[in-house]
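The values are calculated or read from the model by the stated rules, or taken from the named source; none is laboratory data. Owing to the predicted nature of the structure, the values given are computational and were not obtained by experimental measurement. So basically every Cβ, Gly included, is an ideal-geometry build from the backbone, and we count neighbours across all protein chains shown. The protein model used for the area step is the full one, side chains on, heavy atoms only, and it has no ligands, DNA or RNA in it. Shrake-Rupley method; radii C 1.70, N 1.55, O 1.52, S 1.80 Å.
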Amino acid sequence: MAPDRHGSAVITFPNELEVVITREFDAPIALVFDVLTRPEHVSKWGATPPDRMTECSIDLRVGGNYHSSFVTGDGTVFSFSGTYLQVEPPVRTVETWHFNCWPDVEAVETMELQERDGVTTFTWRLAFRDKAGRDHMTSFDGQQDSLDEMEDILRSVLDSSRAQ
């Protein structure tokens, strides 16, 4: 896997209720799905240094819940949680999305993967209940770092499997 071959994520606003983030990874779809949905991986990319992940639980089934929390350098606690609405390994999950700092904001998060010629395209969509909720999404601090960390995890797993 070439480091950062595909560069930064692309962030778009297709309408007044949605945010879409797209990134390509040089890795098979099943591995990318695992890195997105297994706590041992999410706990590494869900918070990037100096932030620390303090909780990461994932019950990956329809009706199952997920919850992750992390602490920033200044001691602020951020958490995300929701319930899985659809789980279709290794191509898609759909879940409710709640962020502790915006208690009145509701969204549905969709994570979709497509693989072509060994490159997996990850599309991350947040569809908000209302424009006021989507208007909170004006900053993407940490998103690029998290996706870069995902790429590092994928590279490490692929390198380890090739060495065996």
When only Cα pairs under 8 Å and 6 or more residues apart are kept, what is the percent relative contact order across the range 6-164?
25 percent
Taking the convex hull of the alpha carbon atoms in the range 1-146, what volume per residue do you get, in Å³?
111 Å³
Mean accessible area per residue over the chain (1.4 angstrom probe, all protein chains present, square angstrom) is 52 Å²
Between Gln86 and Asp104, what length comes free when the chain is fully extended (0.36 nm per residue of separation minus the Cα-Cα distance, one decimal in nm)?
4.2 nm
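Using a 1.4 angstrom probe on heavy atoms only, work out the carbon and sulfur share of the accessible area of the chain in %.
Numbers: 4250 of 8510 Å².
Carbon and sulfur: 50 percent of the exposed surface of the chain.
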With each label point set 7 Å from Cα along the Cα-Cβ vector, what nm distance links Glu16 and Ser156?
4.4 nm
